[in-house]
Amino acid sequence: MKDVRFYLEYPNAKAKRVPGTKSGHNGTVIAVFTDVRSLMLNGCYEAVGAVHFEPNSPVCGTQVSPAYLQDKCKRVGEDRARAIHPRLFTYLSKEN
């Protein structure tokens, strides 16, 4: 997808730091819009993220800070994001 980056969410910074983990994440992905207009005045990015901290949670529009992405998320490719959080892509396809 153009102008979107995907970040796998972890419950805490410690879980994120475990090298090579394929589990230990929340089972949710944040889609961050990377076009110039998406950085808000408050320093957050426009995004779509999970409503609950459970695998494949329903999603809604939100804002996310760069600090949250750095502390509790890992960037992943679109294919992996689709496999982990299909509901996110259902939502994104409706928005276009």
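The values are calculated or read from the model by the stated rules, or taken from the named source; none is laboratory data. As the structure is a computational prediction, the values presented were derived from the model and not from experiment. Cβ atoms come from the backbone with ideal geometry, glycine included; neighbour counts cover every protein chain shown.
Of all residues in the range 13-28, none are surrounded by fewer than 16 Cβ atoms within 10 Å (Cβ to Cβ), among the polar types (S, T, N, Q) and at pLDDT 80 or above. Per this entry, F53 is not counted among residues that are aromatic (F, W, Y) and surrounded by 14 or more Cβ atoms within 10 Å (Cβ to Cβ). The set of residues in the range 56-71 being loosely packed, with under 12 Cβ neighbours inside 10 Å and either in contact with a Lys or Arg (Cβ under 7 Å, 6 or more places away or on another chain) or aliphatic (A, V, I, L, M) (or both) consists of A67 alone.
Hey, among the residues in the range 34-50 that are surrounded by fewer than 19 Cβ atoms within 10 Å (Cβ to Cβ) and modelled with pLDDT of 80 or more, which one's nearest to R75 (Cα to Cα)? Steps first, answer last, please.
Keep residues of the range 34-50 that are surrounded by fewer than 19 Cβ atoms within 10 Å (Cβ to Cβ), which gives 34-44, 46.
Going one step further and asking which of them are modelled with pLDDT of 80 or more, we end up with 34, 43-44, 46.
Values: T34: 13, G43: 19, C44: 17, E46: 16 Å.
Only one residue fits best here, namely T34.
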